[in-house]
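Student: Take this structure first; my questions come after.
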Amino acid sequence: MSNMLEVSNLKVAVDDVEILQGIDLEIGRGEVHVLMGPNGAGKSTLARTIMADPQFEQVEGDIYFEGENINEFSTDERAKLGIFLTFQNPLEVAGISVEDFLRTTKIELTGEDISVIKFKRELKGHMQDLDLDQAYAERYLNVGFSGGEKKKGEILQMSVLNPDLVMLDEPDSGLDVDAVRIVSETVADFLSDKNKSCLIITHHSVILESVKPDFAHILIDGKIVKRGGPELIERVNDEGYNWIREELGLEKVHDEVLD
Amino acid sequence: MSNLRSNLTSDHNVKQLDTERILAEKAAEREALKESRRKERAEKLKERTYVEEFDRGVYDIKNPNTYEIMLDKGLNEEIVREISSIKDEPDWMLEKRLAALEIYRELKNPNWGPDLSELNMDEIATYIRPKAQMESNWQEVPDEIRKTFELLGIPEAELDYLSGVGAQYDSEVVYHNVKDYLALQGVVYTDFESAVEQYPEIIQEYFGTCLKPTLHRYSALHYAVWSGGSYVYVPEGVHVDIPLQSYFRMNAPGAGQFEHTLIIVEKGGSLHFIEGCSAPRYNTINLHAGGVELFVKEGAKLRYSTIENWSRNMYNLNSKRAIVEKDGVIEWISGSFGSRVSMLYPASILIGEGARSEFTGITFAGAGQTLDTGAQVVHKAPHTYSAVETKSISKGGGKAIYRSLVQVEEGAYGCRSNTDCQSLMLDAQSRGDTIPTIILKNDDVDFGHEAKIGRIDDQAIFYLMSRGLSEEEAKAMIVRGFAEPVAKELPLEYAVEMNELINLELKGAIG
Ligand SMILES: Nc1ncnc2c1ncn2[C@@H]1O[C@H](COP(=O)(O)OP(=O)(O)O)[C@@H](O)[C@H]1O
Ligand SMILES: [Mg+2]
């Protein structure tokens, strides 16, 4: 089996309320998948469950990574396998600098000690790619960061930690035009390595122009209701989701806000 | 300071070559010694096993309880007289002791704060003299006692980054030394008994005037049975550029330690004083009721750093107080770890215009512990400034309470005071609380108070774990980050020690 990630019949609940109602998803090595859907559909829940967020209960189904069932794997064990999630809303951790945090996690992930100087150099390169100034490394993780700095920080972490499967949860929301371009280019560059796979959640077409997904999945009310290729993305971007609701015989939603 | 040092060398130019060779030899010797101690320490640290509460590694080393003198348990006039006579004290000191004993008898335990009913003075030996003389050379300190201090890393610290060290074992100081170049400038650093003997006028003038025996029951007790401690004198304009440290070690079970620390920094002088404390774990109750009196004169600056790491059988009822004159600065850095109960509220009395007090503290309460700590500031003069920043951590059902007083007197206009206390609970059983008292007697005060109590954020733990950190490491990182404002105020070696203590506490107790 050549799939890097396989999710089958995944049902997820919070406080006995089922948020995901039987998700199937397969992501092969080198593939880029986009997950689209209106707010509250369950996109973040899916990505977070794949990362084993303890607030979500996996009530049914299986998750496989590189052919291995990882249902019982803890979050850090999944990270060590090479799974990575950029957070829609990254958390603030006071008292820990970006640099210290990343060096500690890098050592933890690779099991190899990296000298402070060597790491500094590597970090500096990645920060330049993202147009982050040097002081950024000294600042406490996400504390007092602007929305853009937080999002760029997630991409920086991805670049430094170099995972195999990246799940990007709205990496482009709330960014200005320049920042969207920089983030898009950095992600596209990262994915030019054909051993990497990606699941990207987004409402915008700009990032998709660089990242070029191979597949699209539409998630509505906890179910994947439609799948397709680039043409599906285009149609959703032009028309929203009501035409899909219509096809499915669901009630239409007016004035849909796509962010 | 460094100026003076280079003058000293150039005056002795002739000897320089020889000195260099000797210094190089000494350095090599020192390195070898340090290496072997480091290994031994590492071994000890590895030996930790998790029993009962948990093993605190080197801090838990128990020496056989051999001593030269151990007075009967309990407290009465006879015992107080005996302590005084053992020390061969002048009459005025004995009188102060006896007066304090009277006060102790009249005072009750405080009717607020942690429960002290378990503490029974009839079960506490107030004076234990170790089998040792006061030395100024570590090699002369008896093996077993020296070993303990070596494992705690004290002699190394002296070699590496201190300008003077005092070490107290049970009731008496066993080692005291200060670098020559400081002594040459008139800096005095000695055990308190020697100070009483050598500087009677000064001690008589200052002793008990900052921290009064009437303050509370355990300060009265302290003055009745005090033993050991340090005296530091920094003359006008002298800057002690490298910290001095005192280390207080309690070895005997069922005992009390009552060291007295008195520091005077004269006009325009400066000093960083570090105090470390620890004791092994016993099942009997131990009591620590030290007394610290600090006198900061006009334009002088004193930083007083403490890391206390008591065993869980300790009642730590310590009193610390500073009087700060015009434009003087007191900085408190305080780390409170261990103990069964701690009540510790260092106070700054700002009596001169423009005087400043800054307090930075951290408290960690684990299972079965109540750490009731905080800071007090009394603004008695105009344009005085105070800042308090505290962090409390509670875990496994522990209670960490921040209790504070800020008082601004009538004539003290134009004062500024700012308090920021944060409390982090690591689980649902633990308790963090803040109990501030604010008394403002004039309205020309720029006053701020912020308190934040919160539980450790599961989503933050998830976030860190998603980057590959284990749950334990993720928690430790959050706690370390929480403690960072305190750690960054400490010299590197002590910051490292504090982080080790935090890790130990996180790993240790149940839950
Ligand atoms: N911790 C939670 N507790 C309760 N409900 C939640 C929780 N997290 C998400 N939900 C609910 O699950 C649904 C899906 O949320 P989410 O996955 O964040 O959607 P999306 O990312 O697609 O906007 C929403 O209705 C949301 O309110
Ligand atoms: Mg979302």
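Student: Out of B:MET70, B:MET134, report the one residue that is among the hydrophobic types (A, V, I, L, M, F, W, C) and more than 24 Å from B:ASN316 (Cβ to Cβ). Explain how you work it out, then say what you get.
Tutor: Details: B:MET70 fails: more than 24 Å from B:ASN316 (Cβ to Cβ).
So the residue among B:MET70, B:MET134 that is among the hydrophobic types (A, V, I, L, M, F, W, C) and more than 24 Å from B:ASN316 (Cβ to Cβ) is B:MET134.
Student: Specify which of the listed residues (B:PHE447, B:PHE482, B:PHE462) is at the interface with another protein chain (Cβ under 10 Å from one of its Cβ atoms) and under 20 Å from B:THR390 (Cβ atoms). Before the answer, list the steps.
Tutor: Details: B:PHE447 fails: at the interface with another protein chain (Cβ under 10 Å from one of its Cβ atoms); B:PHE462 fails: under 20 Å from B:THR390 (Cβ atoms).
Exactly one of B:PHE447, B:PHE482, B:PHE462 is at the interface with another protein chain (Cβ under 10 Å from one of its Cβ atoms) and under 20 Å from B:THR390 (Cβ atoms), namely B:PHE482.
Student: Sticking with this one: I'd like to know if the range A:4-12 contains one or more residues that are within 25 Å of A:GLU234 (Cβ to Cβ), more than 10 Å from ligand 1 (Cβ to nearest atom) and among the β-branched types (Val, Ile, Thr).
Tutor: no
Student: Now for a different question. Go through (1) within 11 Å of ligand 1 (Cβ to nearest atom); (2) under 25 Å from B:GLU473 (Cα atoms); (3) out of contact with any Phe, Trp or Tyr (no Cβ under 6 Å at 6 or more places or on another chain); (4) touching a residue at least 24 places away in the same chain (Cβ under 8 Å) for A:PRO54 and report which single condition fails.
Tutor: Failed condition: (4).
Student: Go through the residues of the range A:58-80 one by one and say whether even a single one is within 14 Å of another protein chain (Cβ to nearest Cβ), away from ligand 2 (no atom under 16 Å from the Cβ), surrounded by 21 or more Cβ atoms within 10 Å (Cβ to Cβ) and of a type in the set (S, T, N, Q).
Tutor: yes
Student: Scan the range A:25-45 and give yes if some residue there is within 30 Å of A:ALA135 (Cβ to Cβ), within 15 Å of ligand 2 (Cβ to nearest atom) and buried (at least 20 other Cβ atoms within 10 Å of the Cβ), otherwise no.
Tutor: Keep residues of the range A:25-45 that are within 30 Å of A:ALA135 (Cβ to Cβ), which gives none.
No, the range A:25-45 has no match at all.
Student: Look at the range A:81-103 and say how many of its residues are more than 16 Å from ligand 1 (Cβ to nearest atom) and either within 7 Å of chain B (Cβ to nearest Cβ) or aromatic (Phe, Trp, Tyr) (or both).
Tutor: 6
Student: Another one. Go through the range B:105-141 residue by residue and tally those that are more than 20 Å from B:LEU287 (Cβ to Cβ) and surrounded by 15 or more Cβ atoms within 10 Å (Cβ to Cβ).
Tutor: Total satisfying the criteria: 5.
Student: Of the residues A:ILE114, A:ILE107, only one is β-branched (Val, Ile, Thr) and part of a loop (DSSP other than H, G, I, E, B); which?
Tutor: None of the other options fit; the residue is A:ILE114.
Student: Criterion first (in contact with a helix residue (DSSP H, G or I) (Cβ under 6 Å, 6 or more places away or on another chain) and assigned to a loop (DSSP other than H, G, I, E, B)) does B:PRO253 satisfy it? Walk me through how you get there before you give the answer.
Tutor: Numbers: in contact with a helix residue (DSSP H, G or I) (Cβ under 6 Å, 6 or more places away or on another chain): no; assigned to a loop (DSSP other than H, G, I, E, B): yes.
No.
Student: Residue by residue through the range A:46-55, note down the ones that are within 16 Å of ligand 2 (Cβ to nearest atom) and surrounded by fewer than 18 Cβ atoms within 10 Å (Cβ to Cβ).
Tutor: Within the range A:46-55, the first condition is being within 16 Å of ligand 2 (Cβ to nearest atom), and the residues that meet it are A:46-51, A:53, A:55.
Matches in the range A:46-55: A:GLN55 only.
Student: Just give me the residues in the range B:358-398 being within 21 Å of B:GLU293 (Cβ to Cβ), over 17 Å from the mean Cα position of the chain (by Cα) and surrounded by 24 or more Cβ atoms within 10 Å (Cβ to Cβ), in sequence order. Steps first, answer last, please.
Tutor: Going residue by residue through the range B:358-398, those that are within 21 Å of B:GLU293 (Cβ to Cβ) are B:358-361, B:373-381, B:384, B:386, B:388.
Subsequent filtering for residues that are over 17 Å from the mean Cα position of the chain (by Cα) retains B:377-381, B:384, B:386, B:388.
Passing the criteria: B:VAL377, B:HIS379, B:THR384, B:SER386, B:VAL388.
Student: Looking at A:VAL12, A:VAL7, which one is within 15 Å of ligand 2 (Cβ to nearest atom), touching a residue at least 24 places away in the same chain (Cβ under 8 Å) and touching an Asp or Glu at 6+ places or on another chain (Cβ under 8 Å)? Steps first, please.
Tutor: Values: A:VAL7 fails: within 15 Å of ligand 2 (Cβ to nearest atom).
Just one listed residue meets the conditions, A:VAL12.
Student: Give me a count of the residues in the range A:160-179 that are assigned to a loop (DSSP other than H, G, I, E, B), surrounded by 16 or more Cβ atoms within 10 Å (Cβ to Cβ) and small (Gly, Ala, Ser).
Tutor: 1
Student: Do we have any residue at all in the range B:115-126 that's part of a helix (DSSP H, G or I) and in contact with a Ser or Thr (Cβ under 8 Å, 6 or more places away or on another chain)?
Tutor: Our first condition is that a residue be part of a helix (DSSP H, G or I); within the range B:115-126, this holds for B:121-123.
This time we only want the ones that are in contact with a Ser or Thr (Cβ under 8 Å, 6 or more places away or on another chain), so: B:123.
The answer is yes; a qualifying residue exists.
Student: Next question, about the same structure. Taking B:ILE502, is it within 14 Å of chain A (Cβ to nearest Cβ) and open to solvent by 10 Å² or more (accessible area, probe 1.4 Å)? Write out each step before concluding.
Tutor: Details: within 14 Å of chain A (Cβ to nearest Cβ): yes; open to solvent by 10 Å² or more (accessible area, probe 1.4 Å): no.
When the stated conditions are applied, B:ILE502 does not pass them.
Student: Let me ask another. Out of everything in the range A:89-119 that is within 16 Å of ligand 2 (Cβ to nearest atom) and open to solvent by less than 60 Å² (accessible area, probe 1.4 Å), what residue ends up being farthest from B:ALA460 (Cα to Cα)? Steps first, answer last, please.
Tutor: Residues of the range A:89-119 within 16 Å of ligand 2 (Cβ to nearest atom): A:89-91.
Imposing the further condition that a residue be open to solvent by less than 60 Å² (accessible area, probe 1.4 Å) reduces the set to A:90-91.
Details: A:PRO90: 9, A:LEU91: 6 Å.
The qualifying residue farthest from B:ALA460 (Cα to Cα) is A:PRO90.
Student: Now for a separate question. Among the residues of the range A:120-140, is there at least one that is surrounded by 15 or more Cβ atoms within 10 Å (Cβ to Cβ) and within 16 Å of ligand 2 (Cβ to nearest atom)?
Tutor: There is no residue in the range A:120-140 that is surrounded by 15 or more Cβ atoms within 10 Å (Cβ to Cβ) and within 16 Å of ligand 2 (Cβ to nearest atom).
Student: Out of B:CYS421, B:CYS415, report the one residue that is open to solvent by less than 10 Å² (accessible area, probe 1.4 Å) and farther than 30 Å from B:ALA476 by Cα. Walk me through it before giving the result.
Tutor: Working: B:CYS421 fails: farther than 30 Å from B:ALA476 by Cα.
Answer to the check: B:CYS415.
The values are calculated or read from the model by the stated rules, or taken from the named source; none is laboratory data. Keep in mind that what you see is a predicted model, and the values were worked out from it rather than measured. Every residue, glycine as well, gets a Cβ built from its backbone with ideal geometry; the counts of neighbours run over all protein chains shown. The accessibility values were calculated without ligands, DNA or RNA, using every heavy atom of the protein model including side chains. Shrake-Rupley method; radii C 1.70, N 1.55, O 1.52, S 1.80 Å.
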